[in-house]
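The values are calculated or read from the model by the stated rules, or taken from the named source; none is laboratory data. These figures come from a predicted structure and were not determined experimentally. We place every Cβ from the backbone using ideal geometry, glycine too, and count neighbours over all the protein chains shown.
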Amino acid sequence: MTKPRGLTGVGAALAGLGLVSGAAQAGVFFGGTAGRSSIDDYEFGAGDINQRQDDSDTAWSLFLGYQWSPYLATTIGYTDLGELTASGTSVDGGEGGGSTDYTDKISATAMDITAIGILPFSTFAGDGSFLGRFSLFAQVGIAFWDQDVNCVACDGGSNFKGGDTGSELLLGGGLNLRITDSLGVHVRYASYPDIGGGDTGHKQDWDFWGIGASWSIR
């Protein structure tokens, strides 16, 4: 069996959300997001049978940021995307036939630096209204990822263990609700396209959905 190119590791890291919870003042904020990570369909070999795929796992991120204005923030963060698994039976088409059961595991972490654009609903709804406590945010940055691959009984029964590092674009966005001047809660999505490759042969898109909270220091 040739090394599957599916399960992309990624670094993914989903860090910083524009979860700025406070009002208009500049200041430091920190927080975290927890949710699920997932990848595209795993690329099994043409001769593989009994294919099984667990393409999602628990993921989390921590971030530290600075809000420069009501409309702009920057963050640094760390993300653990968990471990994803694919398994199957590889059939040997040569003389003697035979088959081998294999398991391919991918885990990934990432550090990232992002810029966040913020649209406060208070701009058109007023600070005193409930709607004014919400804000939309869009996130763009660079994720420095580290992926580990551990494939048992790959390539005709041999084991493969290795990893890749690199950097890739991070895109994301979400919705934040300011509970108090310091505390905010958010929902967030982040995408890491084309993560992986190199020696492991795994390259794919990685997605992250999560909910979390942030605390502002004014």
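Here Asp104, Asp146 are screened, and the one residue that is more than 24 Å from Gly210 (Cβ to Cβ), touching a residue at least 24 places away in the same chain (Cβ under 8 Å) and of a type in the set (Asp, Glu) is Asp104.
Within region 95-140, being under 21 Å from the mean Cα position of the chain (by Cα) and over 21 Å from Gly82 (Cα atoms) holds for Thr114, Ala115, Ile116, Gly117, Ile118, Leu136, Phe137, Ala138, Gln139, Val140. Residues being surrounded by 15 or more Cβ atoms within 10 Å (Cβ to Cβ), over 27 Å from Thr89 (Cα atoms) and β-branched (Val, Ile, Thr) are entirely absent from region 208-216. Annotation note: of Thr109, Thr123, the sole residue that is exposed (fewer than 14 other Cβ atoms within 10 Å of the Cβ) and at pLDDT below 90 is Thr123.
Could you say whether any residue in region 78-86 is without any contact (Cβ under 8 Å) to a residue 24 or more places away in the chain and either on the phi < 0 side of the Ramachandran plot or out of contact with any Cys (no Cβ under 9 Å at 6 or more places or on another chain) (or both)? Among the residues of region 78-86, not one is without any contact (Cβ under 8 Å) to a residue 24 or more places away in the chain and either on the phi < 0 side of the Ramachandran plot or out of contact with any Cys (no Cβ under 9 Å at 6 or more places or on another chain) (or both), which makes the answer no.
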